[in-house]
């Protein structure tokens with residue numbers, strides 16, 4: 001997977017999900033429903049190495065989806 | 001021209017609820033008030049002679065052949081223009097009327113060539129038939145008087161001729177051009193004996209505004225307007241009903257044949273989608289099916305540097321299967337996938353996605369709808385509960401306000417556009433929301449009362465502003481919302497849409513739409529009895545495509561414009577079977593019928609029937625596959641009937657991805673841009689050879705019938721089945737109807753569909769099941785598919801693609817009438833006469849600034865790439881916006897489009913690309 005594409009798509013999803021008050025939950029739901037698991041894995045791996053590339057919503061979503069890659 | 005066994009009742013039917021009773025030739029007849037005497041007689045089996053009358057056109061009363069005797073009335077009125085009345089007694093056959101008819105016929109024939117035996121319409125000529133019916137035996141006036149027999153024939157149109165020497169000035173062609181097509185390109189010029197049919201202002205047909213829909217040819221009762229194929233090949237001897245394979249309108253046709261040779265395509269009057277009309281593509285542009293460049297035998301090669309090697313089907317299948325399995329063994333089960341095609345039948349698509357899920361063992365299946373209407377699928381499912389337009393096409397005939405957003409129906413969906421224009425001529429109000437001045441904005445007898453000429457990329461802002469007006473000015477249909485919609489979602493949406501940031505005034509600068517214009521448009525939409533929205537790819541192919549679809553759905557629900565005739569939300573689908581390809585489970589996250597792969601109950605149903613385990617998580621979409629290919633994670637792809645190397649955005653990236661794969665399998669009619677990267681070429685079948693179904697934009701499932709045997713020796717579903725079997729997953733069907741039976745067994749919305757049903761009733765619109773055995777023309781009538789309609793908040797998020805000093809213009813792309821998508825079909829027909837190359841439309845102000853003259857070759861560059869084409873100076877586009885089509889690989893418009901995409905679906909943002917345009921030097925052009 002191309003990390004730059006995954007980062008761009010995930011950030012775009014997080015700011016576009018309809019209810020920004022529930023942005024993390026809706027981002028998690030969207031990635032689960034529409035992304036192949038390998039894409040989420042690849043994004044989580046990238047995030048572990050480049051924590052500043054994704055926004056806070058995506059970071060929180062990844063922590064929920066792939067806790068094994070999360071920081072701290 | 002007539003179809004042999006098709007009854008022509010002479011005048012249109014009446015829809016009156018009041019009946020009248022009369023007697024015709026001693027037979028008592030009861031008909032709706034407003035029915036003509038001619039039609040009433042025809043319905044009773046009494047054929048009154050006629051020439052200028054046909055039931056496709058309003059009564060005209062010019063030929064005098066249909067005169068009748070009506071007791072108590074003076075003279076002999078024309079039966080076509082005389083409405084039936086209670087107690088009327090009509091005699092259609094009296095010596096007096098017979099004498100009049102014969103006399104009229106003598107006059108016609110005195111100025112008509114007597115070449116029936118060598119005339120291409122011999123046996124298919126209403127004048128010839130009527131001469132027989134009235135008993136013409138001689139012409140007292142002779143044939144040496146002043147006449148039109150030496151008039152020059154106009155052969156300028158590539159598909160039909162105009163031989164004025166055979167014209168009887170019945171005006172059927174002129175009326176068809178106006179009433180049916182709505183172009184008004186033809187007229188009767190001159191008076192009396194000098195009257196003649198004229199294209200435009202005395203131009204040739206090709207040089208006039210004629211759009212070559214062929215309605216005039218079909219309406220002509222003689223050989224004056226005649227298909228060149230009939231002149232060349234002769235009269236058809238058999239016919240088969242089938243469905244056009246171009247756009248999402250899905251026109252029904254009668255294919256008229258001589259043996260296995262197609263002579264002409266005649267639109268079917270009984271066709272649910274087209275009601276007897278057609279466009280230049282459907283009626284005439286089918287010659288590609290027999291084009292010399294068709295590939296008819298399988299081909300393979302070990303590397304793309306090698307030439308193709310023709311081989312047998314068995315070897316090609318074995319070659320492909322062996323390599324697919326080897327790649328999976330080395331790189332994993334998820335390293336391969338495939339793409340289904342919206343040009344193929346439901347049955348062909350279904351077996352491809354089945355092969356991928358069951359034989360490949362993953363969900364890496366996607367479809368070309370990814371790059372067009374995937375946001376429609378997402379947006380309408382979120383709001384209404386299912387991915388489909390809400391209406392049938394005929395619904396537009398009851399609309400009072402029609403909103404066209406990001407669509408150009410006269411070019412891309414011309415047969416539906418004719419229907420829409422007819423309603424507009426009757427007085428419906430038109431609102432166009434589009435950066436371009438599309439033809440509908442101003443065309444003969446059609447004028448958009450509101451043209452919201454927004455800047456590309458600001459769709460959501462405009463529709464939010466319209467909804468803001470609806471909510472803040474008290475125009476919400478509170479009763480509909482209270483009864484039919486989810487209250488919590490409405491409250492949240494209403495609170496959002498009320499925000500001052502969504503007002504027309506706040507958004508005017510961003511959208512470029514004056515606030516007062518937007519407000520009046522909003523009021524018109526919200527207050528009309530029936531308002532309908534039609535939209536195209538100008539809605540979906542944006543970074544907020546899915547958001548925009550939901551914004552449209554919100555607006556329709558808030559104003560109660562859902563669930564009855566004349567209203568609705570209607571996506572105009574691009575290709576012939578976009579709807580069907582999506583229905584058939586082509587998306588990586590959904591099985592047939594839009595059910596998520598994670599739904600255990602649904603998945604177990606498929607597993608039980610298919611006898612294979614299915615994966616519960618989504619697979620890769622097309623852009624994901626291509627991205628993965630560039631880093632070596634995706635190694636092989638099966639591409640059914642798509643040319644992604646030309647059609648998908650950011651061509652350089654697509655080429656790099658395809659070049660990186662170990663195996664590319666292309667199934668298509670012709671070698672194309674994608675096949676340059678392919679290792680296996682599996683020849684496909686044209687629609688003339690297919691047996692199956694297409695589903696059009698109104699969810700109408702139409703039969704596609706083979707009118708000739710497969711020229712490759714295999715049906716496409718047989719090829720797919722053979723490949724799946726060679727992969728180790730036995731798949732076998734004897735007929736395409738067995739595949740539909742399997743679809744019906746697994747898909748609740750198709751539960752009642754079978755070839756038998758379609759052959760009996762013509763077509764049905766899904767859902768078609770026990771509750772609606774003949775289908776569902778209008779959806780969400782009593783409740784939404786999801787129960788209560790769901791409002792979704794739709795914040796406007798500007799696209800990342802913005803103009804800069806380096807790229808100061810916005811490029812948007814679209815289609816033209818004569819060409820179709822990447823042009824694989826239409827470029828191999830005489831349609832290139834009208835559009836031999838892609839052209840860049842540019843506003844005069846932008847051109848002047850750059851020293852660009854009309855016809856100049858220019859370079860169009862973006863951050864993705866650069867291409868060249870010629871410029872047309874046009875005020876159809878506003879300053880700051882340029883526009884082109886993408887039909888020709890030479891210009892390759894997608895070289896400059898970027899990899900930006902819709903946030904929810906990855907549908908590419910074709911409609912917004914920041915570019916610069918510079919004149920090219922002569923040296924550049926020559927090079």
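Any read-out appearing in this document is the output of simple, stated calculations on the displayed coordinates, not a laboratory observation. As the structure is a prediction and not an experimental result, all values here were calculated from the model. Using ideal geometry, Cβ is built from the backbone for each residue, glycine included, and neighbour counts are taken over all protein chains shown.
Below is a table of values for the structure above.
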{"read-out": "Amide N of region B:862-901 lying under 11 Å from the label point, which is placed 7 angstrom from the Cα of residue B:850 along Cα→Cβ", "value": "B:862, B:867-872, B:880-883"}
{"read-out": "Distance between modelled label sites at residue B:315 and residue B:756, nm, 7 Å Cα→Cβ extension", "value": "4.4"}
{"read-out": "Hull volume in cubic angstrom per residue (convex hull over the Cα atoms of the protein assembly as shown)", "value": "180"}
{"read-out": "Potential lengthening between residue B:291 and residue B:258 on full extension [0.36 nm per residue; Cα-Cα distance subtracted]", "value": "10.1 nm"}
{"read-out": "Beta bridges by DSSP in the protein assembly as shown, antiparallel share as percent, to the nearest 5", "value": "60"}
{"read-out": "Cα gyration tensor shape for region B:676-809, rounded if a/c is under 1.5, else prolate or oblate", "value": "oblate"}
{"read-out": "Inter-site label distance for residue B:918 and residue B:771 at 7 Å from Cα along Cβ, in nm", "value": "6.1"}
{"read-out": "Cα coordinate range in region B:804-927, projected on the principal axes (Å, largest first)", "value": "40, 37, 30"}
{"read-out": "Calculated diffusion of region B:1-103, Stokes-Einstein form, Kirkwood radius summed over Cα pairs, 25 °C and 0.890 mPa s, µm²/s", "value": "181"}
{"read-out": "Cα-based shape type of region B:527-657, given that a ≥ b ≥ c are square roots of the gyration tensor eigenvalues and the cut on a/c is 1.5", "value": "oblate"}
{"read-out": "B:903, B:286, B:834 arranged by Cβ crowding within 10 Å, fewest neighbours leading", "value": "B:834, B:286, B:903"}
{"read-out": "For chain A, built as a Gaussian network whose Cα springs stay under 10 Å, the top-fluctuating residue of A:23, A:61, A:36", "value": "A:36"}
{"read-out": "On Cα atoms only, tilt of A:56-65 relative to the major axis of chain A in degrees", "value": "70"}
{"read-out": "DSSP-defined beta bridges in region B:802-927 - what % are antiparallel, rounded to 5", "value": "60"}
{"read-out": "Gained length - residue B:21 relative to residue B:478, 0.36 nm times residue gap less alpha-carbon distance", "value": "159.9 nm"}
{"read-out": "Exposure proxy order (Cβ contacts within 10 Å, fewest to most) of B:801, A:64", "value": "A:64, B:801"}
{"read-out": "FRET E, pair residue B:146, residue B:488, Förster distance 60 Å, beta-carbon r, rounded to 0.05", "value": "0.15"}
{"read-out": "Normalised contact order of chain B, rounded percent, pairs of Cα under 8 Å and 6 or more residues apart", "value": "13"}
{"read-out": "FRET E, pair residue B:442, residue B:803, Förster distance 41 Å, beta-carbon r, rounded to 0.05", "value": "0.90"}
{"read-out": "B:86, B:846 arranged by Cβ crowding within 10 Å, fewest neighbours leading", "value": "B:86, B:846"}
{"read-out": "Helical contribution to [θ] at 222 nm, DSSP H n ≥ 4, -39,500 (n - 2.57), averaged over chain A, rounded to 500", "value": "-21000 deg cm²/dmol"}
{"read-out": "Helix-only CD estimate at 222 nm, as mean residue ellipticity for chain B, using -39500 (n - 2.57) per DSSP H run (n ≥ 4)", "value": "-8000 deg cm²/dmol"}
{"read-out": "For region B:669-704 and region B:91-122, distance of Cα centres in Å", "value": "47"}
{"read-out": "Distance in nm between pseudo-label sites at residue B:612 and residue B:96 (7 Å out along the Cβ direction from Cα)", "value": "7.8"}
{"read-out": "Cα shape, region B:140-246, gyration tensor, a/c 1.5 rule", "value": "oblate"}
